[in-house]
Amino acid sequence: MESERDTVRKSLYEMVDMERAIEQVVSTCQDIFLASSKSGAGYSERVPLSECYGRVLADDLFSVVDVPGAPVSMKDGYAVRMSDFEAPVSPQHEAAGTRVFAVKMEMHATQTGEEQIPVLPDGCVAYVATGAVLPLGADAVVMVENTRAASDESVEILKAPYCRGQDIRPRGVDLAKGQLVLSKSELILEAEIGLLAACGVSHVSVIRPPVVGVLSTGDEVVDVSESRSAALSAGSTYDSNRPMLLAACAAAHAQVVDLGIVHDHAAELERTFMDACAKCDLIVTSGGVSMGRRDLLQRILASKGTVHFGRVRMKPGKPLTFATLLPNAFEPDAPPLPRTRVVLSLPGNPVSSFVCLHLVVIPAIRSLQGHASPLPPIVDAVLAQDVKLDPERPEYHRATLVWNAELGAFQARSTGVQQSSRLLSARSANAFLVLPALDETLKSGSKVRAMLIMQERLNG
Ligand SMILES: Nc1nc2c(c(=O)[nH]1)N[C@H]1C(S)=C(S)[C@@H](COP(=O)(O)OP(=O)(O)OC[C@H]3O[C@@H](n4cnc5c(N)ncnc54)[C@H](O)[C@@H]3O)O[C@H]1N2
Ligand code: MOO
């Protein structure tokens, strides 16, 4: 048993590898998601298409219509019967390889009912617009560029269609009624929204977003809204973590709850956690997880639940802490709520928070929504300059990747001094270079692994 004296000098937690830490967070969140999908309680909600971007589908989806609903033309041109091209023709047209047909009707792209579709008379053609329903009996389309107006009512076809069905979209070729269009657990982005609308679906069942509460801790931390009313004292610092985390969690389609700034005071922290546990699936905190006397979070979490890890072999973000709490941990007499609560306590240094946000918070939110691939993608990149490695901890080095056509590779440029308080090192970053712990310098031109973040920035 360690004495009180020892515990202030040495962390209670073994240092775990970052890959293992990420895996543990993701698999715990996936288990919570699976348990809630089985119980069905509050698992999904029905939303209009305008609200489903970035959400995960809760059910398989089938088309309720054929697209197109009838054979339609793929070109502006003339609908023809192929058999009419076998009829005898004048020697003059025979020699020229052309044929003249009477144009008996015009079909435009309108909301044609099935009963309104006319029959194409033998030996005649119909003018058809792109997307227009074909007259019955037509089995190919000749585009206008292969025709010449012979008179007001006839057309000379200069190049006969080479096969039946040419330039026709048959009924149901794009989507067939009853066809599985999207599967449960698929991510809905713009293509999927277009697809759903195309097959007549106006509302979909999507996974309910996790409720994510965000709080900052620290007696020195000041809300930015106070910036107009009071000058910042020497020891104070504006709260940059909470606005950053709230924005990123909302962008990851969580329902966010601002839990404010909490002092380094055990009773106040416990009260905030009690309140958060009642309404949040995931509680994200920053600050108060390291070795200071007022770093109280790990002790509170350990007393109310399970701390899975409290130190990670990574830079920046070493004191990253992951805990789970039973939903009634702070109110033992209250009836248990359906889900285990997840707590991710990020280190207070703003860049450490930023890095942990991308490495564990966003993957946790994605896992709680049933995303099949919750982790950021990793690509190869080539260093644009020398980079000094950290001898003790693997580093997530902020960098900007730019595609270099000459190299046929992404080139990675460091964002500069990587100190964990220097938020400017996150500015314009679109990747973390995943660097090993080694006492050496990686030379310009070396190949490294790069984890893509904020992919909107990949093009600068
Ligand atoms: N003796 C040791 N000290 C420290 C260790 C260690 O291993 N042994 N680890 C260091 C590392 S690494 C980190 S990272 C920090 C993280 O500590 P905490 O999570 O306890 O963070 P705080 O001490 O509360 O704050 C650190 C720093 O960040 C500023 N801060 C805090 N919250 C915010 C916020 N919301 N917005 C902007 N800035 C914030 C705070 O004022 C401090 O300057 O611990 C090292 N220490
Ligand atoms: O790990 Mo700390 O986040 O390096 O400063």
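The distance from the alpha carbon centre of region 318-337 to that of region 278-292 is 11 Å, rounded to a whole number. Gyration tensor over the Cα atoms of region 298-402: the corresponding equivalent ellipsoid has semi-axes (square roots of 5 times the eigenvalues, largest first) of 33, 17, 9 Å.
In percent, how large is the relative contact order of the chain, given Cα pairs closer than 8 Å and 6 or more residues apart?
Numbers: 996 pairs, mean separation 71.9, N = 460.
About 16 percent, as a whole number.
The Cα trace of the chain gives Rg and Dmax of 31.9, 111 Å, the first to one decimal, the second as a whole number. Solvent-accessible surface (1.4 Å probe) assigned to residue 311 amounts to roughly 70 Å². Within region 378-457, the percentage of alpha carbon pairs spaced more than 16 angstrom apart rounds to 46%. Residues in region 54-88 near a label at residue 116, defined as backbone nitrogen under 15 Å from the 7 Å Cα→Cβ point? In region 54-88, the label zone of residue 116 (backbone N under 15 Å from the point 7 Å along Cα→Cβ) covers 69-70.
Can you give the FRET efficiency for residue 65 and residue 372, using 1/(1 + (r/R0)^6), R0 = 35 Å, r = Cβ-Cβ distance, to the nearest 0.05? Walk me through the numbers before you get to the answer.
Numbers: r = 28 Å, r/R0 = 0.80.
Working from the Cβ atoms, E equals 0.80.
First measure r as the distance between the Cβ atoms of residue 266 and residue 173, then evaluate 1/(1 + (r/R0)^6) with R0 = 41 Å and state the FRET efficiency to the nearest 0.05. Could you put the intermediate results ahead of the total?
On the way: r = 67 Å, r/R0 = 1.62.
Once the sixth-power term is evaluated, E becomes 0.05.
Annotation: region 48-101 has a Kirkwood hydrodynamic radius of 16.8 angstrom, from the mean reciprocal C-alpha pair distance.
Summary of packing: across the peptides 52-65, 415-428, the per-residue average of other C-beta atoms within 10 Å ranks them, highest first, as 52-65, 415-428.
Secondary-structure-derived ellipticity at 222 nm for the chain, considering helices only, amounts to -5500 deg cm²/dmol, per-run term -39500 (n - 2.57) for DSSP H runs with n ≥ 4. In this structure, residue 293 and residue 223 have a Cβ-Cβ separation that, at R0 = 25 Å, corresponds to a calculated FRET efficiency of about 0.55. Normalising the Debye intensity of region 139-200 to I(0), with uniform scatterers on Cα atoms only, and taking log10 at q = 0.26 Å⁻¹ returns -1.10. Tell me, rounded to the nearest percent, the portion of alpha carbon pairs in region 1-140 spaced more than 25 Å apart. For region 1-140, the share of Cα pairs beyond 25 Å comes to 64 percent.
Say the dipole of region 322-410 comes from +1 at the beta carbon of Lys and Arg and -1 at that of Asp and Glu; which of 347, 402, 387 then lies farthest toward its positive end? It is 347, whose Cα lies furthest towards the positive end. Of the residues 179, 238, 202, the one whose Cα sits farthest towards the positive end of the charge dipole of region 178-238 is 179 (charges of +1 on Lys and Arg Cβ, -1 on Asp and Glu Cβ, taken about the Cα centre). Taken about its Cα centre, region 1-94 carries a charge dipole of about 280 debye when Lys and Arg each add +1 at the Cβ and Asp and Glu each add -1 at the Cβ.
Across all directions, the average projected area of the convex hull around the alpha carbons of region 72-169 is 5.8 nm².
With charges only on Cβ, +1 for K and R and -1 for D and E, what is the dipole size of the chain about its Cα centre, in debye, rounded to 20?
Working: 44 positive and 54 negative charges, 281 e Å.
Result for the chain is approximately 1360 debye, rounded to the nearest 20.
Take the alpha carbon gyration tensor of region 223-324, find the square roots of its eigenvalues, order them as a ≥ b ≥ c, and report rounded if a/c is under 1.5; if not, report prolate when a/b exceeds b/c, else oblate. Rounded is the answer for region 223-324, as its axis ratio a/c remains below 1.5.
The values are calculated or read from the model by the stated rules, or taken from the named source; none is laboratory data. Treat the numbers as computed from the prediction; the structure is a model and nothing was measured. Heads up, the Cβs are rebuilt from the backbone with ideal geometry, glycines too, and the neighbour counts pull from every protein chain shown. Just so you know, the surface numbers come from the protein's heavy atoms only, side chains and all, with ligands and any DNA or RNA stripped out. Shrake-Rupley method; radii C 1.70, N 1.55, O 1.52, S 1.80 Å.
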